Amino acid sequence: MAKITFDGIEVEVPDGTTILNAARKIGGKVVPPAMCYYTPLKGSGGKCRVCLVKVTQGSAKDPRPMPKLVASCVTPVQDGMVVENTLSPQVLEARKGVVEMLLINHPLDCPVCDQAGECDLQNLSYEHGTSGTRYEEERRTFDRQDIGPLIQLHMNRCILCYRCVYTADQITDKRVHGVLGRGDAAEIGTYIENVIDNDFSGNVIDVCPVGALTDKTFRFKNRVWFTKPVDAHRDCPKCSGKVVLWNRGSDVLRVTARKNEYGEVVEFICNECRFEKKEMSDWTIEGPRHIARASVISANHYELPVVNPQIIADLPESTTKELHLIPRPI
Amino acid sequence: MGLKILTEHINVPGIDTLETYRKMGGYRSVEKALKTMTPEEVVEEVKKSGLRGRGGAGFPTGLKWSFLAKPEGKPRYLVCNADESEPGTFKDRVLMEKIPHALIEGMITSSYALGARTSYIYIRGELMFVLRILEKAIAECYAAGLLGENILGSGYSLDLHVHPGGGAYICGEETALLESLEGKRGNPRNKPPFPAVWGLYGCPTVVNNVESIASVPWIVNNTGDEYAKIGVGRSTGTKLISASGHINNPGVYEIELGLPVEEFLFSDEYCGGIWKGRKFKAIVAGGSSVPILTGELFLKTAEGTPRVMTYESLSEGGFVSGTMLGSGGFIVMDDTTCIVRNTWNFSRFYHHESCGQCSPCREGTGWMEKILHRLEHGHGNMHDIDLLVNVSKQIEGNTICPLGDAAAWPVASAVRHFRDEFEWHVKHPEKATAPGAVYSGAEDLAFA
């Protein structure tokens, strides 16, 4: 076990835990944001640089500070480490710089983007970005790519987090999806515009933190904050069958995997559940999905089932005697 | 003439053949190390020599070797970084092209010291003809029993492979090199874990520059203490310098560290002074990644002490008024050089070579290039100059590998030392964009 101090809060975690996961154990406002790190995917992290933190004391044995800011998602803790995140102006300044870099070539087409409302980049720029831009140059653009009948790739919006690459690599059999080119010309591709033909290919949509990979069966159908998410499950021979249905009235508009508070998929789901089961009768409904209050989706979203308060029991017996005789509205 | 360790026999005809190379005393270090020394003793000699990595960072080689993890049941690897792609640096190429056996001898001795049974030379993709020279030399060694099973009857076996890269600058970063060698996309890895613990195929690995490895045989033959006597202070031994630009005698020179820079630049034995009798304007002293300096600041530090060619002396003054020895790419610029254009050109290189893995470098190098392009072509504003510095600060230190720093330093230092020239480009775009126009001093800024 290693004991570290993160933003002045002490926490004890097993050896080998990353700084980010130690911070997540504390939870709340001190947790650094993460755009590329994804717990279920091996090898992810270290790329987007928004989780940079300052290590002011390396360990109890070697108390020297680390010379540079480190990516908290890939740096393991040492016993006695002291880390600053929100307390360090240097970290906040660097993070602001990274967010600016992520946005300079982003098209900022949120008004027509399906991801709007549940976009990690949107949340990140609200929290750490600036309202204006210093970028006067022409933005880098790519042609829109079709990768099969179910998934749309919008490379302009991509921040190259490599999550979908690791997903395609690790949970599907064939390697058909990777990064082509380098520098700011690097792009996600399925050499060349191949269809991702695989039972679990749809998961690349869920892991994408931005609107680069979207669900073609949901494209332009609705804004995500108008839909009502409910937890549901079905008996699926391929996957756990535990999903979230995004409904409008009684129409199932979209099916996704369940995500935890850090936007990470809990259990990956198969394409049949995601793309084909779009009837309420296909599913057993569990109840409303919990949505964080900070999210725009939580507007007009009531989670708790409406329970009639127990007034009746407290009334005098005489008033309840013939209650059952009164006709009830159905 | 200073002492020559690496290039003593470079002009001997046929030195690229095993026969001539052995006649000149080659492969003595292999015999000495394998037959009379333990691997630990070789590492100890290299440690004593104070040899510092010649690839640019200047990390002590012996120390790097002693960090190599030695777990049971895992092979260890030595990888030679011959992916020399830094603009202005071309020393390794000359060494490998002329005396391929110097590198191979170093590889055998070093591999023995590290306990590696398979070693690799990762060579830059553009140097295909050098690869053929090396492969021919390796074949000679196999035939002579210097490589393969049971080398010279000592019981030690080594296989040596040459692997060409695809010509990407980023694959000269040691972890990107290892990824590339494994057959993957050349993206640098996150560190820690360092290659000494988790390197090639997940095994402990040492990655060394060509020149560092080629220096090992001399150290083994003549002991580390002798090597440490050459040079000044912590900069020991000799260094190959690739001199280019506006000088009379461009080329690769082997110098003893501690040589006064004035002597190196102006004596006829080395660079021979600035060509065409022009003025010495600026210099990039260690390959395009290091901060650019004005001529005056290069010859004498801000305090007025004359500089010498050592790691310490060149970096005196930090980033404010110093630079770095780096990989020894010595680019001299006379007073007809436009610094803005030069900076734009460097920036274009880093934009093109960024791997695109981490966001500050991927986006920032392109942004800097576009701003510099605008400034150079007369479309810049005054605030662009500050923006440029600010963007470089946002990249520096926030990236996975040092390419981000390498892209940021030349830009930041160019603005620091030649700000008036950038301002001239903004204030007088018609003059600045005229063919061959160069800023010639403060009068230009005031009256033109």
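Of the options B:HIS425, A:VAL77, B:VAL216, report the single residue whose Cα projects farthest towards the positive end of the charge dipole of the protein assembly as shown (beta-carbon charges: Lys, Arg +1; Asp, Glu -1).
Going by the charge dipole, the pick is A:VAL77.
Have a look at the range A:172-189 and report residues whose accessible surface goes down by 50 Å² or more when the remaining protein chains are included, against the chain on its own, probe 1.4 Å, ligands and DNA/RNA excluded.
Listed by number, the residues meeting the 50 Å² cut-off are A:ARG182, A:GLY183, A:ASP184.
Near B:LYS393, which aspartates and glutamates are there with a Cα under 17 Å away, not counting those fewer than 8 places off in the same chain?
Leaving aside aspartates and glutamates fewer than 8 places away in the same chain, those within reach of B:LYS393 are A:GLU93, A:GLU100, B:GLU363, B:GLU369, B:ASP384, B:ASP405.
Can you give me the three principal axis dimensions of the range B:234-334 from its C-alpha atoms, in Å, biggest first?
Its Cα atoms span 32, 28, 24 Å along the three principal axes.
How large is ³J(HN,Hα) for each residue in the range A:200-216, as worked out from phi by the Karplus curve 6.51 cos²θ - 1.76 cosθ + 1.60 (θ = phi - 60°), to whole Hz, x for Gly and Pro?
10, 4, x, 5, 4, 5, 5, 7, 5, x, 10, x, 6, 10, 10, 7, 5
Which of these, A:VAL30, A:VAL204, A:VAL112, has the largest mean-square fluctuation under a Gaussian network model of chain A (Cα springs below 10 Å)?
Largest GNM mean-square fluctuation: A:VAL112.
Grab the eigenvalues of the alpha-carbon gyration tensor for the range B:18-229, scale each by 5, take roots, and send me the semi-axes largest first in whole angstrom. Please list the in-between numbers first.
Numbers: eigenvalues 111, 80, 59 Å².
Equivalent-ellipsoid dimensions as semi-axes: 24, 20, 17 Å.
Given a cut-off of 34 Å, what percent of all Cα-Cα pairs of chain A lie beyond it?
In whole percent, the long-distance tail amounts to 35.
Return the sequence-ordered ³J(HN,Hα) values of the range A:150-159 in whole Hz as given by the Karplus equation 6.51 cos²θ - 1.76 cosθ + 1.60 applied to θ = phi - 60°, using x for Gly and Pro.
10, 10, 10, 9, 10, 4, 4, 8, 5, 10
Going down the table (B:LYS64/B:LYS98; A:LYS259/B:LYS70; A:LYS25/B:LYS74), which pairs top 31 Å between alpha carbons?
A:LYS259/B:LYS70; A:LYS25/B:LYS74
Collect residues whose amide H, placed 1.01 Å from N in the peptide plane, falls under 5 Å from the amide H of B:ARG189; neighbours closer than 5 in sequence don't count.
B:THR175, B:ALA176
Net charge around A:THR256, counting only other residues with Cβ within less than 13 Å of its Cβ (Lys, Arg = +1; Asp, Glu = -1)?
Residues close to A:THR256 contribute a combined charge of +1.
Measure nothing fancy, just the Cα-based angle from helix B:100-114's long axis to the longest principal axis of chain B, in degrees from 0 to 90, nearest 10.
70 degrees
Let me know the Kirkwood hydrodynamic radius for the range B:119-195, please, with Cα pairs as the basis and the value in Å to one decimal.
When all Cα pairs of the range B:119-195 are included, the Kirkwood radius is 13.9 Å.
Quick one: of the DSSP bridges fully inside the protein assembly as shown, what percent are antiparallel, nearest 5?
Counting DSSP beta bridges with both partners in the protein assembly as shown, the antiparallel share is about 70 percent.
Please compute the Kirkwood hydrodynamic radius over the range A:2-97, one decimal place, Å, based on all pairs of different Cα atoms.
Answer for the range A:2-97: a Kirkwood hydrodynamic radius of 13.0 Å.
Working with all protein chains in place, sort A:GLU127, A:GLU187 by solvent-accessible area computed with a 1.4 Å probe, largest first.
A:GLU127, A:GLU187
Using just the helices of chain B, give the 222 nm mean residue ellipticity in deg cm²/dmol: DSSP H runs with n ≥ 4 each add -39,500 (n - 2.57), and the total is spread over all residues, rounded to 500.
After summing the helix terms and dividing by the residues of chain B, the value is -12500 deg cm²/dmol.
For the range A:224-298, what is the relative contact order in percent, using Cα pairs closer than 8 Å and at least 6 residues apart in sequence?
RCO, the range A:224-298: 35 percent.
Counting each DSSP H run of 4 or more residues in chain A as -39500 (n - 2.57), what helix-only mean residue ellipticity at 222 nm follows after dividing by all residues, to the nearest 500 deg cm²/dmol?
The helix-only estimate for chain A comes to -4000 deg cm²/dmol at 222 nm.
Using alpha carbons only, what's the Rg to Rh ratio of the protein assembly as shown with Rh from Kirkwood?
1.05
How do B:HIS351, A:HIS290, B:HIS161 stack up against each other in accessible area, from largest to smallest, with a 1.4 angstrom probe?
A:HIS290, B:HIS161, B:HIS351
Could you bin all the Cα-Cα distances of chain B into 10 Å bins starting at 0 and give me the percent of pairs in each, rounded to whole numbers?
4, 21, 30, 25, 13, 5, 1, 0
For every other residue with a beta carbon closer than 11 angstrom to the beta carbon of A:VAL296, add +1 if it is Lys or Arg and -1 if Asp or Glu, then tell me the sum.
Values: positive: A:ARG223, A:ARG293; negative: A:GLU118.
After counting each charged neighbour, the total is +1.
In whole Hz, what ³J(HN,Hα) sequence does the range A:8-13 give by Karplus (6.51, -1.76, 1.60; θ = phi - 60°), x for Gly and Pro?
3J(HN,Hα) across the range A:8-13, in whole Hz: x, 9, 8, 8, 10, 9.
For the range B:339-447, report the translational diffusion coefficient in µm²/s to the nearest whole number, using Stokes-Einstein at 37 °C, 0.692 mPa s, and a Kirkwood Rh over Cα pairs.
Value of D from the Cα-based Kirkwood radius: 236 µm²/s.
Can you compute the modelled spin-label distance between B:HIS377 and A:GLU127, with each label point 7 Å from Cα toward Cβ, in nm?
3.9 nm
Over all pairs of distinct alpha carbons, what does the Kirkwood formula give as the hydrodynamic radius of the range B:40-160, in Å?
Result for the range B:40-160 stands at 15.4 Å.
Kindly work out what percent of the DSSP beta bridges joining two residues of the range B:18-229 are antiparallel, to the nearest 5.
10 percent
Label B:GLU126 and A:ASN300 with points 7 Å out from Cα along Cα→Cβ: what is the distance between them in nm?
6.1 nm
Hey, what D do you get for the range A:224-298 in µm²/s if you plug the Kirkwood alpha-carbon radius into Stokes-Einstein at 25 °C and 0.890 mPa s?
It diffuses with D of about 197 µm²/s by this estimate.
Report the label-to-label distance for A:ASP173 and B:LYS431 in nanometres (one decimal), using points 7 Å from each Cα along the Cα→Cβ vector.
Roughly 7.2 nm, to one decimal.
If you take every DSSP beta bridge whose two residues both sit in chain B, what share of them, in percent to the nearest 5, is antiparallel? Intermediate results must be reported in sequence, preceding the final value.
Details: 20 of 41 bridges.
Just about 50 percent of them are antiparallel.
Using a 1.4 Å probe on the protein chains only, how many percent of the accessible area of the protein assembly as shown belongs to carbon and sulfur?
Working: 17910 of 33300 Å².
After summing per-atom areas, the C and S share lands at 54 percent.
Taking the Cβ of B:THR336 as the centre, find all other residues whose Cβ is under 10 Å away and add up their charges (Lys, Arg: +1; Asp, Glu: -1). Walk me through the intermediate numbers first.
Details: positive: B:LYS276, B:ARG278, B:LYS279, B:LYS281; negative: B:ASP334, B:ASP335.
Charge balance near B:THR336 sits at +2.
Using a Gaussian network model of chain B whose springs link C-alpha atoms within less than 10 Å, name the residue from B:ARG93, B:ARG28, B:ARG124 with the highest mean-square fluctuation.
B:ARG28
Between the range B:5-76 and the range B:347-418, what is the separation of their alpha carbon centroids in Å?
That distance is 38 Å.
Looking only at chymotrypsin sites (Phe, Trp or Tyr not before Pro) in DSSP loops with at most 10 other Cβ atoms within 10 Å, what is the longest site-free stretch of chain A?
On the way: sites that count: A:TYR191, A:PHE220, A:TYR302.
The longest such stretch corresponds to A:1-190.
So what are the radius of gyration and Dmax for the Cα set of the range A:123-206, in Å?
14.8, 44
Restricting the calculation to Cα positions, tell me the Rg (one decimal) and the Dmax (whole number) of the range A:26-75 in Å.
For the range A:26-75, the Cα-based Rg and Dmax read 12.2, 33 Å.
The values are calculated or read from the model by the stated rules, or taken from the named source; none is laboratory data. Because the structure is a prediction, the values reported are computed rather than measured. FYI the Cβ positions are ideal-geometry reconstructions off the backbone, even for glycines, and counts take in every protein chain you see. Heads up: the accessible areas ignore ligands, DNA and RNA and are worked out on the full protein's heavy atoms, side chains in. Shrake-Rupley method; radii C 1.70, N 1.55, O 1.52, S 1.80 Å.
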